[in-house]
Amino acid sequence: MFMNDLVTYESIENVAVITIDRPEKLIALNPAVVEGLREVWARYETSDERCAILRGAGDRAFSAGADLKDNPLDLWMGVPDLGVPVTKPIIAAVHGHVIGGAFILIMHCDLIIAAESTVFHYPEARVGFTGGIVAGLVVRIPQKVAVEFMLLGQPMTAQRAYEVGMVNKIVPVGTQMEAAKEWAKILVNNAPLVVSTLKAFSLRTIPKSPSDLAAEARRDLTRIHTSRDRTEGERAFAEKRVPKYRGT
């Protein structure tokens, strides 16, 4: 098992089970959680696992969203396909409260299985802040429903979310992981090249929001800014020699 203090990664029969483990804070997302998510998505992408399940520890919530006392200003870095490119499928198994930034996380998962107690809530218009990534919801569910969810900031039940296509399946409380594992087993036994290709084609078909495009640009530029090549280039310039770049 790989883990930092707040995000764990467990490999079970070619399935990566990724758990956000902060139940005493209702799985609130702080910078350490975001960094942990970034690390596990990168590990999953290069691993032998063929499917991942994302879950929150505890009984009350999948996640209460951003920790307003320790706000992760770069939450996008922990979001799959935004902060870290992920070519393999991800299933979100959710229950209880799914609020704000937590909704952004599951919106970028490929499949969502929700316990019947799940309540989705996006209150950014009421708290006076937005990163804008949620705007991508308008191409995932009917536009008017997405705008209602974003602008009014009112809770949406699991049943309503299922009816509008926000989630794939509703299950009894406490069985969401079992249901996710059943789907993961199917995905593990499917042809991985076909699965990854269809996922890639699907993502290319979805128009990207301005915030999505900005996040992807920042991700690519961050890779350059933190690269060994940048350090080598600056050092070679100072030492008046030809740099030896390695593409890393």
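The values are calculated or read from the model by the stated rules, or taken from the named source; none is laboratory data. Remember, it's a predicted structure, so these values are computed and weren't measured experimentally. Because the Cβ atoms are built from the backbone with ideal geometry, glycine has one as well, and the counts that use them run over all protein chains shown.
Summary of computed values
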read-out: Test: residue 135 is surrounded by 17 or more Cβ atoms within 10 Å (Cβ to Cβ) and touching a strand residue (DSSP E or B) at 6+ places or on another chain (Cβ under 6 Å); value: no
read-out: Counted residues, the stretch 165-198 - those being over 15 Å from residue 112 (Cα atoms) and within 18 Å of the chain's Cα centre (by Cα); value: 1
read-out: Close pairs from the stretch 229-248: first surrounded by fewer than 10 Cβ atoms within 10 Å (Cβ to Cβ), partner hydrophobic (A, V, I, L, M, F, W, C), Cβ under 7 Å, at least 6 apart; value: 242/236
read-out: Filtered residue count, the stretch 173-207, keeping only those that are within 20 Å of residue 60 (Cβ to Cβ) and either touching a residue at least 24 places away in the same chain (Cβ under 8 Å) or surrounded by 16 or more Cβ atoms within 10 Å (Cβ to Cβ) (or both); value: 7
read-out: Cβ-Cβ under 7 Å pairs, at least 6 apart or on other chains, the stretch 26-44 side closer than 21 Å to residue 58 by Cα, far side part of a helix (DSSP H, G or I) and of a type in the set (A, V, I, L, M, F, W, C); value: 29/75; 29/102; 34/75; 34/77
read-out: Lone qualifier among 20, 90, 104 - being in the same structural domain as residue 182 (by TED's automatic domain parsing), in contact with a Cys (Cβ under 8 Å, 6 or more places away or on another chain) and surrounded by 20 or more Cβ atoms within 10 Å (Cβ to Cβ); value: 90
read-out: Condition check for residue 170: surrounded by 13 or more Cβ atoms within 10 Å (Cβ to Cβ) and of a type in the set (Val, Ile, Thr); value: yes
read-out: Residue, farthest from residue 110 (Cα to Cα), within the stretch 126-151, restricted to residues that are small (Gly, Ala, Ser) and outside any helix (DSSP H, G or I); value: 128
read-out: Selection count, the stretch 50-64, where residues are closer than 13 Å to residue 106 by Cβ and either modelled with pLDDT under 95 or aliphatic (A, V, I, L, M) (or both); value: 4
read-out: Residue pairs meeting the criteria (Cβ under 7 Å; at least 6 apart or on separate chains; first on the phi > 0 side of the Ramachandran plot, in the stretch 85-112; second among the hydroxyl-bearing types (Ser, Thr, Tyr) and buried (at least 22 other Cβ atoms within 10 Å of the Cβ)); value: 96/118; 100/122
